[in-house]
Amino acid sequence: MNQLAMHGGTPVRTAPFPSAMDPEGRTLGTEEAAALGEVISSGRLGASGGTQVPALESEFAEYYGVAHAVACTSGTAALHLAVGALDPAPGDEIITAPITDFGTVIPILAHNAVPVFADVDPGTGILDPASVDALVTDRTRAIIAVHLTGAAAPIAELAEIARRHDVALIEDCAQAYLTELADGKPAGTGGHVGCFSLQQYKHITCGDGGLVITSDAGLAARMRLFADKGWPRHTGERTHLSLGMNYRMTELQAAVARVQLGKLADVVAGRRTAAKRLAAALAGLPGVRPPDDLDRHAVWLFPIVLDPALAGGTNTEWAKALEAEGIPVSAGYLSRPVYRYPVLAERNLYGGSGFPLTSPPASEERHYPEGLCPNAEELIGRTLLVVHWNEAYTESDVDDIATAFRKVHAALTSTDEKPARV
Ligand SMILES: Cc1ncc(COP(=O)(O)O)c(C=O)c1O
């Protein structure tokens with residue numbers, strides 16, 4: 001029992017855990033099917049002239065207590081709505097986080113702006129306000145903060161920086177439905193725009209989809225135009241005022257998303273309850289630090305920061321051992337910071353031109369070398385371990401995870417294990 005499964009021992013767990021790719025790990029059911037059936041019977045599947053998309057928009061805005069919501073096709077599109085509404089000039093800069101889905105960065109590049117990566121807090125992987133502040137220039141147009149894994153980014157501090165420099169603050173809430181900010185308000189309402197994803201793996205889903213929220217009527221109007229080819233449909237005139245995409249959500253997606261929205265609070269509550277059980281079980285395990293803000297966390301993933309010296313190994317060594325025990329984990333969340341992906345590190349952009357990282361239009365030639373964000377690189381390479389999470393985890397599922405953590409800890413820190421690793 002004590003021998004690690006990766007060394008031939010018996011795994012703690014052989015049955016799969018509920019996951020977002022299985023019916024057991026999703027809250028999709030007969031209500032969503034009925035809502036879809038109604039849309040199909042109506043004969044109207046597209047957003048133009050439909051009822052489901054506007055209903056979703058007003059329900060989501062009301063849910064978040066804001067004046068405006070705009071639906072679109074993905075979380076990436078939602079972020080593009082926000083960037084598009086700001087209309088940066090080529091070479092303008094947008095500061096964001098190096099640990100995130102690439103969907104945070106794509107809209108910046110698609111709009112010919114330059115992504116600038118600030119470093120993160122080594123204890124959380126979330127943007128460090130001081131690092132952001134130091135990178136603001138006269139070309140900066142926005143900051144995109146990422147509520148990574150569902151933990152709250154320091155929005156009050158970032159909003160103060162944004163206010164001082166007169167730039168926009170966009171919150172990437174793709175992983176952070178109902179995350180609570182330090183002031184008790186929901187993530188997505190502390191900056192100028194909050195962006196959400198309805199992709200398959202998210203807390204609620206319609207397969208793919210996105211939503212933005214804002215209290216700013218001007219931004220809302222520009223985002224709506226951007227999602228619909230710059231076409232001011234409410235005027236009745238067929239004309240195009242500004243650059244836009246076709247990012248229109250369909251009635252089918254909206255019908256499913258509306259039902260899913262009604263389940264969101266329970267989804268987040270279930271994730272928090274299970275996460276608190278694991279955090280309690282791991283308390284006191286040397287070198288293994290679970291999150292300490294679980295009442296405010298959306299727990300899209302359960303993040304752990306290791307101290308490799310006390311935990312007996314790095315995140316990669318831990319992940320290998322835990323996976324062999326049947327526990328769904330990933331070392332680092334990403335394999336590398338987003339700025340080291342070939343698209344940026346090798347400038348695979350716009351026919352190999354490197355545009356807009358070239359000067360001009362950028363104020364200086366922009367490169368993203370290794371070592372750019374040391375805290376992010378340390379988290380990804382050595383200390384961050386994420387446990388995949390789901391609202392359907394039972395107490396016994398969580399207890400299996402805790403048992404596996406204790407087993408791996410005991411083995412990796414035992415003196416028997418040490419010589420083999422030297
Ligand atoms: C933090 C973050 N931002 C943006 C996105 C992009 O969302 P989508 O996949 O819906 O385009 C995701 C989705 O994985 C995400 O996790």
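The values are calculated or read from the model by the stated rules, or taken from the named source; none is laboratory data. In this text, all values refer to a predicted model and were calculated from it rather than measured experimentally. With ideal geometry, Cβ positions are generated from the backbone for all residues, glycine too; neighbour counts draw on all protein chains shown. Just the protein is used for accessible areas: all its heavy atoms, side chains included, with ligands, DNA and RNA removed. Shrake-Rupley method; radii C 1.70, N 1.55, O 1.52, S 1.80 Å.
Looking at the range 30-263, what % of its DSSP beta bridges pair antiparallel, to the nearest 5?
That works out to approximately 45 percent antiparallel.
Dipole size in debye (nearest 20) for the chain around its Cα centre, Lys and Arg Cβ +1, Asp and Glu Cβ -1?
My answer is approximately 520 debye.
Using the Cα atoms of the range 342-398, I'd like the radius of gyration and the largest Cα-Cα distance, Dmax, both in angstrom.
For the range 342-398, the Cα-based Rg and Dmax read 19.1, 58 Å.
Let me have the relative contact order for the range 116-224, percent, based on Cα pairs under 8 Å that are six or more residues apart.
After rounding, I find 18 percent.
Which angle from 0 to 90°, rounded to the nearest 10, does the C-alpha axis of helix 264-282 make with the longest principal axis of the chain?
Here the helix axis deviates by roughly 20 degrees.
By how many degrees, 0 to 90 and rounded to 10, does the Cα axis of helix 30-42 deviate from the longest principal axis of the chain?
Taking Cα atoms only, the helix is inclined about 20 degrees.
For the range 59-159, state the average projected area of the convex hull of the C-alpha atoms over all orientations, rounded to one decimal in nm².
Dividing the Cα hull surface by four gives the mean projection, 6.9 nm².
In degrees from 0 to 90, rounded to the nearest 10, what is the angle of the helix 315-324 Cα long axis to the longest principal axis of the chain?
80 degrees
Given Cα pairs under 8 Å that are at least 6 residues apart, what percent is the relative contact order of the chain?
Reported as a whole number, the value is 21 percent.
If I take every Cα pair under 8 Å that is 6 or more residues apart in the range 30-263, average their sequence separation and divide by the length, what percent do I get for the relative contact order?
Relative contact order, the range 30-263: 26 percent.
Please give the per residue accessible area of the chain, computed with a probe of 1.4 Å over protein heavy atoms only, in Å².
Value for the chain: 41 Å² per residue.
Could you pull out every residue, at least 5 positions away or on a different chain, whose amide H is within less than 5 Å of the one on Thr140? Hs are placed 1.01 Å off N in the peptide plane, and Pro or chain starts have none.
Glu93
With labels modelled as points extended 7 Å from the Cα through the Cβ direction, what inter-label distance (nm, one decimal) is found for His367 paired with Met21?
Label-label distance for His367 and Met21, simple model: 3.8 nm.
May I ask for the equivalent-ellipsoid semi-axes of the range 30-263, computed as the square root of five times each C-alpha gyration tensor eigenvalue and listed largest first in whole Å?
30, 21, 14
Over the chain, what percent of the accessible surface lies on carbon and sulfur atoms, probe 1.4 Å?
Exposed carbon and sulfur together represent 53 percent of the surface.
Counting only residues 5 or more places away or on other chains, whose amide H sits under 5 Å from the amide H of Val329 once H atoms are built in the peptide plane?
Those lying under 5 Å, H to H, from Val329 are His388.
Based on the mean of other Cβ atoms within 10 Å per residue, sort peptides 148-159, 86-97, 343-354, 69-80 so the most packed one is first.
Packing order, densest peptide first, comes out as 69-80, 148-159, 86-97, 343-354.
What is the sum of charges, Lys and Arg at +1 and Asp and Glu at -1, for the other residues whose Cβ falls under 15 Å from the Cβ of Gly150?
-3
For the range 271-416, go through all pairs of different Cα atoms, get the mean of 1/r, take its inverse, and jot down that Kirkwood value in Å.
Values: mean 1/r = 0.0586 Å⁻¹.
One over the average 1/r among Cα pairs gives 17.1 Å for the range 271-416.
Quick check: pseudo-label points 7 Å beyond the Cα along Cα→Cβ at Thr51 and Gln3, how many nm apart are they?
Using points 7 Å along Cα→Cβ, the separation is 6.6 nm.
Working out 0.36 nm times the residue gap between Arg163 and Ala134, then minus their Cα-Cα distance, what length gain in nm do you get to one decimal? Let's see the in-between values first.
Working: separation 29, 0.36 × 29 = 10.44 nm, distance 1.47 nm.
Working it through step by step, the gained length comes to 9.0 nm.
If only Cα atoms are counted, what is the Rg of the chain, and what is its Dmax, in Å?
Taking only Cα atoms of the chain, I get Rg and Dmax of 22.3, 77 Å.
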